[in-house]
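These notes are about the structure you will find just below.
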Amino acid sequence: MGINSLLGFLGAATFSQPWVMTTLFILFYAGLAAYSMVRPAAAVVLYFGVSIMNPQADYPLFMDVPAAKIAAGICLLSCLVNIRKLSFRFPVTLLPALAFLIMANVSAEAALNPVLADQRFEEFNKIGLMVLLTVWAIASRRDFTFLFWGIFGSLSFGVLKNLVETQTNGSWVTVHGIAGWIGDSNDWALALAMGLPLFYAALGLNWRRGWKRRIIFGAAAAGALLTLTLTSSRGGFLAMAGSGILFLLTDRRPARASLAAAAIALVVILYMPGTYAHRVGSIFGLENTAVAAWNDEVPDDAEYTGAERVHYWRVASEVMMEHPLTGVGWGNFIEEFKRRENLKEGVVAHSTWFQVGAESGVLGLSFYALMVLVTLGSALRTWRAARKKDDRWAELHSRAILCGVTAFAIGGTFLSRENSELLFIFIAMAAILAALVRKKEPDHA
């Protein structure tokens, strides 16, 4: 029995059976919700599990239920029920995130069309609340480990779902993403690139626990990498490559780690679409097209190469400079682009940095960039401190966060994902991990 046969059997019994999956999700979420009443970390996993796996896209009963809002409410209730067990602290590293979220509200209120800003305004406030609740609920290494495996498991579900459907059903579901906050193949590619360091860390945490675990978690990492190649996203490739190289360089034994990486890459090369290498290779040689696209308008009849995105960047930069204080408002750039270019349909900026600048102004972009930089700095300091203390648990987790945020910084240059759930997960995890490293606790790897 081959791999595709195994995937096909699994899909026929699960993913292809809506009511089977609905029942499994109900049991999973109900179990986490009940457990969260005695352990708030479970409520955090419940929320992010809902956001990442999002059964609303495919499965009955969930389609008309605001699952994420309910999960956020359960998380708040869990923290209040367990308030005597928890002690809230506000890490200084979250100040830029708080400043950005305040600016996000200001930009929403000042939007050219407030109706268009409503959805993004709600999303930012919800994730802002969840960052605070996460910092409140995750109070120990044991809780942090629970959160790590919850996020890892949720991403693994998406990877497995993609592999089953693309390899057996002929359904190129990556074109439409997994669901919810992941909208298309590029978004899913960026999410995968950000999540891959978690797969690497999971392999590292289990490396010394026998060859069976090495095979299992090595296969999981290979599956995630293979799924990224199915998206055919060049921005996702750059994000994956940059963060992967950084993960290897921060290993204590980069040469040995490179051997494991080469083995995983070989498996992926054997199974990935043959067109992917050509797609990635097309990145090189686009310089002239990119320069022309920045300086001139893109002809409507020109063949799309991807380099035309720099034209969108130029328009976004012009919008930002014309509305430097608050931008045009969340969700308004598409309409503004359509108006300026006299088109029937608008586009996003295809860059998180330019999108944030156009929709929230120079100040909003400054806080957003500072938020990312502070998170990178915090993860880097935690990694150095953990390595100095020979704290392998914290060292691996801080590397995963550092590389995950690096993937966002690279991939976000080519994709618009300003409200990425994974980014804010990493921001909260970086702040929590920095505090945990300063405590003397046993290793829970």
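The values are calculated or read from the model by the stated rules, or taken from the named source; none is laboratory data. All values derive from a computational prediction rather than experimental measurement. Cβ coordinates were reconstructed from backbone atoms using ideal geometry, including for glycine residues, and neighbour counts include every protein chain displayed.
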### Message
The conditions are (1) under 16 Å from residue 139 (Cβ atoms); (2) in contact (Cβ under 8 Å) with a residue 12 or more places away in the chain, and residue 84 fails exactly one of them. Which is it?
### Response
(2)
### Message
Only one of 365, 376, 402, 396 is touching a residue at least 24 places away in the same chain (Cβ under 8 Å) and farther than 19 Å from residue 243 by Cα. Can you tell me which?
### Response
365
### Message
Show me the helices (runs of 4 or more DSSP H) entirely contained within the range 327-421 in which 3 or more residues are modelled with pLDDT of 95 or more.
### Response
352-388, 392-411
### Task
Considering only the range 15-28, state which residues are touching a residue at least 40 places away in the same chain (Cβ under 8 Å) and closer than 22 Å to residue 48 by Cα.
15, 18, 22
### Task
Mind counting the residues in the range 407-436 that are hydroxyl-bearing (Ser, Thr, Tyr), surrounded by fewer than 24 Cβ atoms within 10 Å (Cβ to Cβ) and under 13 Å from the mean Cα position of the chain (by Cα)?
1
### Query
Out of curiosity, is residue 186 assigned to a helix (DSSP H, G or I) and either in contact (Cβ under 8 Å) with a residue 60 or more places away in the chain or touching a Ser or Thr at 6+ places or on another chain (Cβ under 7 Å) (or both)?
yes
### Query
Across the range 320-353, which residue is surrounded by the fewest Cβ atoms within 10 Å (Cβ to Cβ) among those that are of a type in the set (Phe, Trp, Tyr) and free of Cβ contacts under 8 Å to residues at least 60 places away in the same chain?
337
### Task
For the range 103-126, indicate whether the set of residues that are among the hydroxyl-bearing types (Ser, Thr, Tyr), closer than 19 Å to residue 70 by Cβ and out of contact with any strand residue (DSSP E or B) (no Cβ under 7 Å at 6 or more places or on another chain) is non-empty.
no
### Query
Going through the range 85-129 one residue at a time, which ones are of a type in the set (Asp, Glu) and over 19 Å from residue 362 (Cβ atoms)?
118, 122, 123
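For every residue, the table says whether it meets (1) among the small types (Gly, Ala, Ser); (2) farther than 30 Å from residue 312 by Cβ; (3) in contact with a helix residue (DSSP H, G or I) (Cβ under 7 Å, 6 or more places away or on another chain).
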residue: 396; (1), (2), (3): no, yes, yes
residue: 410; (1), (2), (3): no, no, yes
residue: 419; (1), (2), (3): no, no, yes
residue: 422; (1), (2), (3): no, no, yes
residue: 425; (1), (2), (3): no, no, yes
residue: 434; (1), (2), (3): yes, yes, yes
residue: 437; (1), (2), (3): no, yes, yes
